[in-house]
Every structure is written in structure tokens, then in C-alpha cells.
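The values are calculated or read from the model by the stated rules, or taken from the named source; none is laboratory data. Keep in mind it's a predicted model, so treat the numbers as computed, not measured. All Cβ positions, glycine included, derive from the backbone under ideal geometry; neighbour counts span all protein chains shown. Side chains are part of the model used for accessible areas, which takes the heavy atoms of the whole protein and leaves out ligands, DNA and RNA. Shrake-Rupley method; radii C 1.70, N 1.55, O 1.52, S 1.80 Å.
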Amino acid sequence: MTQEEKRALFAPTRRGFLKGSAATLALAATAGAYSFGTWQVEQAAAAGGNLAKGPSLCNGCSSKCGLFATTMDGRLWIVNGMEDHPYAKGTLCGRGQGTAQWAYDDERVTQPMKRMEDGSFEPISWDQAYKEIAEKVKGIIETAGPEALAMIQDPRPSGKYYTKRFINALGSNNFYTHGAACNLSKESGIEQAIGASNYSVDWPNTKMVVFIGRSYGDGIRPSSVQSIAAAAERDTRIVIVDPRLNNTGIFASDWIPIKPGNDIAFLLGIANVLVTKDLYDHAFVEQHSVGFPEFAAQVAEYTPEWAEGICDVPAEKIVEIAEALAKAAPACAIEPSWRAAFGCAHQNSFETARCVCAVNALLGCWGQKGGALITSSPKAGEVDPIKFPSVPKPAGTRLGDTEFPLVSSSMGTNLAVLDGCLNGKIEGVFFYNSNAVQGYSQPAKWREALDKAKLVVSVDIQMSETCMQSDYVLPECTVLERMELPEFIGGKKHYVAMRTKVLEPVHPEPKPCDQIFSELARACGVGQYFDFTVEELAAAQLATVGASIEEVTEKGIVELSNPGFSYGVPKFKTPTEKFQFISEKVGAAGFNPVIGYAPRLVEPAADEFYFVGGKQGIQSHTMTLNLESLNAISREYDLERVWLSTADAQKLGIADGDTVELSSSEFTGRTRAKVTERLKPGVVFLPTHYGNTSPYLTRARDLGLNFMDFVPFHMEPGVGAAMTQEVAVKVRKVG
Amino acid sequence: MKDTRKARIAAMTDQLRTLGALFVRLGDQSDAAYEAASVASVDPAVRHRLETDLLTPGGAASLLPVESLYKMWADPSWRGRDGACAFGASKHLYMGDPAQHMMALYERLEIDVPPEFAAMPDHLTLLCEVAALYGDAGNHPALRSFLNEHLDWLGAYDAELAACTSALDGSTASTLCTKERLQELNAAIAHVRSLLKEVQNTTDRLEAELGKVEDPRGQNRRNEER
């Protein structure tokens, strides 16, 4: 190629972006006919020569199921559930297949963004973003102190470590999970009764299980579905207590349509039968519990007839369930649930969780074969304090902990941040992997609160509704493009698993969260706590449990030393070291210390309905709806529709598919109706994944309604959960 | 005669390249780019919306002229022995088959792709440059095949731009977006559609010119693929 030709090809006036070699023009003249068709034929002939396989943990929900991703020439080809992972057991659910495609999604956020005065976003450089954020952080610390800063995150293996370290390094204790809109009430309540935040059903050996609202067939974890399917095969009695016949129904023997938010009365009715008919486990109660006499005295009031009047389950059904449980005991349990009916839904959710535990205690099923198991979890030991120096514990109390003294210490109530922004106590908020605005409480209230803050930063992979309220959005690379710290998994056996970098980052700018928070910390002047790589920390943490990073990176999951699980009544880690029918801490917080009845907050008026929400197996929260393949399923099957019972629909003149208007004290919106026999009359069900408003997410935008738009901002006494179903709605036909 | 035709084709591909350059973020160089492409410039505010909202991945109305986004991600029919790609039928994903082919082509032509195009080696701007490279090199069979294979999605892209206008107009999301900005965005979409029409016209003229030479092999292949 002559100099002239080169100039002609690549001169700046030609505005060329591609840079060729000296031979490029000659190659284009001769070997250039390398067509797409030819390439396809070559690829077909390559017969998988460039296949590679790497482990990770799914990010389709919070379960973090193990997976293997297979790549072809570096491009994602298939994903499979990890056989050895206790949650996956060889299967990934539909969300896992969908979210694997995030890396390539066309609506990811791919560079740091800054919100301008008119609400629009402009791309900026990382350096500019760090510099400006750091200046604002320093300004807030100087004028209001570090306690005016807060971090809200939905825990992920690296995220939960780096975000906590970052906010603590800045001197703030205000570190929160998403829990107030998930399982905060339930875990806080369970903790007061058994000293652990959760437990599991011994599915392989159980004879009878009662679900209060939770649905394995909707909020899917593959191993749970396998467990319940196997139990159903063995004719295990599976009872679903839910105003809606949910998608676990195919495994169930009973559906008990209950008045929402009144599960507590159903549980206390069962407790009454067990106590008054002397069907309870005397040995357990006498040897392993405190407060039974007080509980028994109180529970005498909660007759099945009393319960029927509140929860609308026939008294004879309550008696029958109680007697069947007693017969199956101790190989039976009330299932612990998750978000569902009492994770964060009602004013009485904390107390409902305690009641669940009380029934299990009366049945004597704690720790028994086929019963309710409290297992242990492994964790990393101490790592080198020179290389990984501890961050000094910030002074003061986390915002919200004083007003909500029963809140789980590992979660905190993130709604204290919302409130704190409104009353001026919080001036700077960081979000990681969290769409609080859309899902954690009333969205308009979140917007109002964040508008008042001086600094809002979101780290995310897409422009969520929370990002839209942020001053800066920092793009994280997607799950298969990043390695993370080890994830420890408890149960009858202990494991450690890891996300590895299966894909080279598709876009050049997004970074993993360890890097983002380390760099941000340096910009903010606390880089001394981040002077290590994620690889170094992972290796150090794994060494403390006798595993090597090489082994975990290769296998994806490694079983740790046997924790020595055995059946038998566990040692309860409560202050009394016994099961607590009575809790001093609950009493000190100003509530009835004895497990008992508490009403829901909102009762619908004559022309109103109870309003309940729930998951669907192919969507997670609000984060998966924009993925084209998962969005297409929702659209294909009209999954965004609101459910109405046939009886109610007839009264309102509404036919299946009609457009209806829902209105509450907070919001009015329209969507289509699904008219069904699978819902208790008087109740309206809306799936909780829809109604996104971010203009950046075009597939999710304007599909269905957002449940939380209808719910007022309020907090459950004691724990500060979002009371997500304490609202009534009106329904009318509009088309 | 032949040389005149070669020059004519090279001029057309050169025009394609200068038009293609208008589909990326140019910042303060955009006036020069419009001048080079002999296309009337546009209101700077509209151009700004075009660059930050439409042509930036993850932007507010992000619709990039990237071939992979408008085609099936991986053809499931021709990798049977290894098992088809689980996501093959998906669209709107970066780095699909077209991008993979382009990377292989760049390697053969000893071309480096700049880092900002790492996720989109099949961006319209680059595709137009490659077409121009073939035009300059006088490799007309390769040029024709390239146009057939890699610039056959402009209609699909245009349809999505049109749909985006109506989605923005009818969106509840407009509450998050000032009226002025919405107008700029819609003007930006109209503008990018007009640019796209210029590209389409140029490729049509190119194909007509290329079609004047007898090339039964190329023609047959094209028919089979269609």
C-alpha cells in the first residue's frame, strides 16, 4: 500500500475509527471475501473446540444457586444448575436462564452517569464521578457528621462485605439490607422465639407441612421444589394457607383460603386446640421452653370459633388441622416462610412469626426428624489484620434501631433512611443492588425523601427507578463478568461457593463492586482499609475454612468439614437458652412479652378489598422484567393482570380481560383483570413485579401496575418493616 | 471505463463511511462530521440528545445502530453437534453472530477495533468503514456480499426508532422527563431516521451499481440466504 493510499484510508478527515495495518488494504482487495456464510460454515466445523466452562452463582434472586456457564469462543452458550449446590441440585429456574443474558443486554447502564438539573443523565468519567461524590461526602461529614450517611444494599457475596466496610470506614453505622421490604418481620420474630433468624423443614422425613402464604412454586428455589415434589409423591400432607390458590397448589392436599393478614388468628386457634385438648408435647414444653404457663393462660381465649370470626377459616377446619398436626408430630411443621404473608406485610407480621414458632413448639418438632430444623452456617475466620485491617466500629447507634428495638441486627430497617431524609437526619445515601424506590415502600415518598438528600449514589447494572432518583449512577459489570468473595452456605452440611469471572466484560467501563467501593473509598480518604484485591481477600477467607481458591474456582462449590448435625432438641440461642413463649426483650420494647394476638392495621370498608401481592416464578422483584426473554413470557401470558375472584367480578360486572381501575389512598391505576376461582372473594391479588417507570427500561416500562404505588409509607411497630399489604383498594370496570 | 466505475463505487462507499460516522458520539467534532458527510447539521441540543440518550448504550432512549441487536443472537441451526446456544433466538443482545463474524473479519484484515467499540464490533459506523475499505480496495464481490450480509437490518432498526417515538409520547415515564427534553428526544429520533435513510439510499445506489456487473456466484448465494 502506498503512503497515499494509507492516507486516503485513515486520514483524520475521513473520520475513521478502525485502525488497520500496512497490509489491510491489500488484504481487503484479496482475502476480503470472508463472508458471514463462510464464517458460519467454519464455526460449524469447529465442533466445539473453543468451549469453556466456569462456575458462578446465579443473581436471578437472592438464593444464589450454583451454576456452570459454558462459553463458545468466549461467548455465553448455555447455563446449567450445579449438581453439588444445595439450592440448585442440578437445576436453574427460568430466571436463572434469563438473567444469564444480562451481560449482553442492550439496556444495561454502561458508564457512570450524572443527573443534571432537569432530571436528565449525562455520561461522565469514573474519575469525575469519584471526585464529585467524594467532595460531597466530605462536605456532609464536615457539616452533619458521618451519621448523616447511609448505605442500603440487597446482600450479595462481595457487596455485603464492601458496602459495609465502606460506610463504616466513613464513620457511619447506618448499614441496611432490603429486609424491611422482604423478610425482616419474620426473621426478627423468629429470632425472639428460637434465637436463630430462620429454620428449615426436614422435608425428606416429614409427614405434614403447613405453609402460611409462602409458595415454593412461585418464589422458586429449585431444591425446594424438588423437596416438595418428592414429599407430595410420598403422600405427605401439604396445607396451603393463602387467600390465593398459588402455584404450589399442584403439590398440596389442602387449600385454606384465609382472610389476608389474619394468619395469626388461624395459628393461635391451632395453638388453642393443642393446649386445651392436651395434644401438645409436654416434655418439650417443660424441659425446653420458658413462658408456657403464661402462654397457655392467654391462648385459652383464642378458641377456633374466635379465630374463625377473624380469619374466616371454619372452626372445624382449624380443629382438624390441629389434630392432624398433633397426630403427625413431631414429624411435621409450620413452614418458616420468607416474604409472603408475614415477612414484612402487616402490622402483626412480627407477632405472626412468633406464633408460627409457638405452634412448632407445642408440636415438639424443633430439631426432630421430619420437623423444624435449626442448622448452623459456616463463616470465614479471622484474616491477617495487617493486610486486611479492621475498620474501627463507628460511634453511635444505627438510625432506626432505637425506635424499632426488635429489628434484626443483621438487617436494620432501611425505611429509617427514608424517614431520615425527610427529617434531615440523613443527607447522603448509597444504594447497592437495590431498587428501593420501586419496591421498599411508597415510591412517591421515596422520591420525596431522596429529593431532599444532598447526595444519592446508586451502583447497579441498569437504570432502575432508584437510579433515576440518584445524583450519580455507577455501573457494575454483570454477575457472570465478575468474581466475588466466597459465599458460605449452611444447613445439615456446610459449603463454600464462589462467583468466578466466566465472561470477559462485554462493555469496557462497568466495574465489579469491590473495585468501585475500593476506589470510592480512596477518593473519600479512607483507602487504607481497601489496600487489597478481592482475589487476595477471597484466598485469605477460604484459607480460614481449609479451602483453596484454586479448588473453589474450579469446582464452584466445596463441601467444608462436617458440622456434625444430629436430630434432637437444639440448644436455643436465646437469652434464656430455651424456646421463648415469653420474651423479655419484646416486653421491654413495650409489647406483650407473651406470644399472642395482634390485629392487622387496615380493614377494608364495605366497598373495598383486601390487597395482596406475590411473586411469579419467572420474575424477581423489579429487576428482571426488562430482560427481553423474561419480559416476553409475562407479555405472552398476560401475567401482569390483577386477579379478581369470580364472585366479586360478577358483582362488579367485570369479565376476564376487562380493563379495571384500582384505587387506594395513595394511587389509582388501570390494568386488565384475570377473573379466577383461585382467589378468596373480597381479596384482590396483584403480582409485585410490574409497573416500572424508568424511561431507560423500555421493555419493563408501562407494563402493569406497581403494587407499592398503592401502599402508604408506614412502618411496623417494633421492627420498622414496610407493612406492604396494609392497604385496601377499590375496583371498578373501565373498559 | 472500469476505473471510472471503481472510482464511482469508491466514492459511494466513502459517502457511506462519512454518513456512518454520524452515528457515534462526536462531541465538538460533529459539525466537521456533518460537513464531511455533506448532510445538513442539526440543532446542537438535538444532537446532544441523540448522542447521550440514543447512541450511548444504556442511555435514556438507547437505540444503537448495532447489527447484533436486530438479529437472532446465535443461529441455532448450524451448531447442532455442540448443542445449540440456549439464547440463540434472543434479540437485543450485544455480541451476537454478526459481531463474532466481524471480529473474525477484523483479524483477517489486520484491523484493530478501538476499546469504545469492544461491545459492538458490528456498529453501523464500523460496518460503513469496512464497506468503504472494500470500496477503496476495489473488491466489489466482497463489498456486495458484505452489504447483503451486514447492512440488511436497517429497516428493522428504523422500525424500532419509529416505535420509540410513540412509546415516549405515550409513556407514564414522561413524568420523569421534561417536555422540552421529550421534544428534543423526538427530534433526535426523527433526525437519526433521516440519517439512516441517507445510509439506506446510499447502499441502495451501491447495490444497484454493483449489480451491473455479472456475478452469478454472488447473486446465487444472496438468493439462497434470503
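Tabulated values for the structure
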read-out: For the pair A and B, total buried accessible area rounded to nearest 100 Å², probe 1.4 Å; value: 6400 Å²
read-out: Hull volume in cubic angstrom per residue (convex hull over the Cα atoms of segment A:609-733); value: 112 Å³
read-out: FRET efficiency, A:Asn592 to B:Ala163 (Cβ-Cβ, R0 56 Å, nearest 0.05); value: 0.45
read-out: GluC sites (Glu not before Pro) within segment A:602-684: DSSP coil, no more than 11 neighbouring Cβ in 10 Å; value: A:Glu677
read-out: Average Cα contact separation per residue, segment A:609-733, under 8 Å, 6 or more apart, as relative contact order %; value: 35 percent
read-out: DSSP bridge pairs, segment A:609-733: antiparallel proportion in percent, nearest 5; value: 55 percent
read-out: Trypsin sites (Lys or Arg not before Pro) lying in DSSP loop within segment A:339-419, provided at most 16 other Cβ fall within 10 Å; value: A:Lys369, A:Lys379, A:Lys387
read-out: DSSP bridge pairs, chain A: antiparallel proportion in percent, nearest 5; value: 50 percent
read-out: Apportionment of accessible area to carbon and sulfur, chain A, percent (1.4 Å); value: 51 percent
read-out: Size of charge dipole - chain A - debye, nearest 20, with Cβ of Lys, Arg +1 and Asp, Glu -1, no other charges; value: 720 debye
read-out: A:Lys379 long-range amide H proximity, modeled H, under 5 Å; value: none
read-out: Per-q log10 I(q)/I(0), the protein assembly as shown, q = 0.04, 0.06 Å⁻¹ (Debye; single scatterer per alpha-carbon; no solvent); value: -0.21, -0.47
read-out: D (Stokes-Einstein, µm²/s), Kirkwood Cα radius, segment A:344-465, 1.002 mPa s at 20 °C; value: 117 µm²/s
read-out: Residue (of A:Pro378, A:Leu480, A:Val417) at the positive-pole extreme of chain A, dipole from beta-carbon charges; value: A:Leu480
read-out: Stretchable slack from B:Lys197 to B:Lys6, in nm (0.36 nm times residue separation minus alpha-carbon distance); value: 66.4 nm
read-out: Candidate aspartates and glutamates for bridging to A:Lys64, where Cα separation is under 13 Å - those fewer than 8 sequence places away on the same chain excluded; value: A:Asp154, A:Glu484, A:Glu487
read-out: Positive-pole candidate from A:Thr676, A:Phe609, A:Ser665, dipole of segment A:609-733, charges at beta carbon; value: A:Thr676
read-out: Under the Karplus curve 6.51 cos²θ - 1.76 cosθ + 1.60, θ = phi - 60°, whole-Hz ³J(HN,Hα) for segment A:402-410, x wherever Gly or Pro sits; value: 6, 6, 10, x, 9, 5, 4, 5, 6
read-out: Largest-first ordering by accessible area, 1.4 Å probe, given options A:Tyr690, A:Tyr597; value: A:Tyr597, A:Tyr690
read-out: Top positive-direction residue, dipole computed over segment A:37-182 with Cβ charges, set A:Asn59, A:Met82, A:Ala134; value: A:Met82
read-out: Label point distance in nm, A:Ser377-A:Ser665, each placed 7 Å from Cα along Cα→Cβ; value: 3.5 nm
read-out: Residues with amide H under 5 Å from that of A:Phe431, placed H, sequence gap 5 or more; value: A:Ile152, A:Val457, A:Ser458, A:Val459
read-out: Extension reserve of the A:Lys733-A:Lys651 stretch, reckoned as 0.36 nm per residue once the Cα distance is removed; value: 28.4 nm
read-out: For residues of B:87-98, the mean tally of beta carbons on other chains within 10 Å; value: 6
read-out: Over 29 Å (Cα to Cα) - which of A:Lys164/B:Lys91; A:Lys164/A:Lys585; A:Lys207/A:Lys277; A:Lys393/A:Lys501; A:Lys317/A:Lys585; B:Lys6/B:Lys71 fall in this group; value: A:Lys164/B:Lys91; A:Lys393/A:Lys501; A:Lys317/A:Lys585; B:Lys6/B:Lys71
read-out: Residue-normalised accessible area of the protein assembly as shown, given per residue in Å² at a 1.4 Å probe; value: 36 Å²
read-out: Nearest-20 debye value, segment A:609-733 charge dipole, Cβ charges on Lys, Arg, Asp, Glu; value: 220 debye
read-out: Stretchable slack from A:Ser548 to A:Asn205, in nm (0.36 nm times residue separation minus alpha-carbon distance); value: 120.0 nm
read-out: Förster radius 35 Å - calculated FRET efficiency between B:Arg108 and B:Glu209 (Cβ-Cβ, nearest 0.05); value: 0.85
